[in-house]
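Working notes, structure below.
The values are calculated or read from the model by the stated rules, or taken from the named source; none is laboratory data. No experiment lies behind these values; they were computed from the predicted model shown. Don't worry about glycine lacking a Cβ; one is built from the backbone with ideal geometry, like all the others, and counts go over all protein chains shown.
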Amino acid sequence: MALANVTKINNLYPIIGQHDGRKILRWDPATRCSDDCCIRDDCPYVKAKKCTLELTYMNGIFNNLIDPTNVGGIADQMNDIELQRVGIHLIPLYHQLIRMKKEAYAVKEMTHVNRQGSIKVNPVFAEIREIIRCIAKEMSDLKINEKWEAKYGKASMMVDAGASIEELLQHGDPSFTDSLSGK
């Protein structure tokens, strides 16, 4: 059984609850929603005390992996150290990723010309790629795909054969609406 204290999620509390008597750790304090946010004018989310975009993104990722309600996720496939690494290593990487994606959204020009006259890609995009590589490595080290497949079967059996768990966590099942309409 999982117990999560919702007042601690996305705050400065690294221990947010328990899953089968094991501590659930998660470090992803959401930033404050403010007038100087780089996406504020275009943000479709409620303007609240904390960034609702970050809250939605982080809670979606966390619940797909750990799911404190015990309905889904793969927490039962992990030992204590792996569970801790998800909350303290992997989740903060996803938090960095969404924050960098917000910055990338606000970038006006994808490229710039340096002093030597060479065209360079804005460094925010290189940082996003680096964070994605770090996420992929951490997921590989934790054997997230293998654990997911052990519990739910191969992703290729569930969705489009090209989808990976990483794609599912970030973008959802692209063929879901087609499956509803019978296409």
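Here are some notes:
- Residues satisfying the stated conditions in segment 38-65, i.e. more than 25 Å from ALA150 (Cα to Cα) and polar (S, T, N, Q): THR52, THR56
- Qualifying residues in segment 81-128 (those that are surrounded by fewer than 16 Cβ atoms within 10 Å (Cβ to Cβ) and among the hydroxyl-bearing types (Ser, Thr, Tyr)) - the one farthest from LYS143 (Cα to Cα): SER118
- Summed over segment 27-58, residues that are modelled with pLDDT under 75 and either in contact with a strand residue (DSSP E or B) (Cβ under 6 Å, 6 or more places away or on another chain) or among the charged types (D, E, K, R) (or both) total 1.
- Residues of segment 113-158 satisfying the condition of being small (Gly, Ala, Ser) and within 29 Å of MET78 (Cα to Cα): ALA136, SER140, ALA150, GLY153, ALA155, SER156
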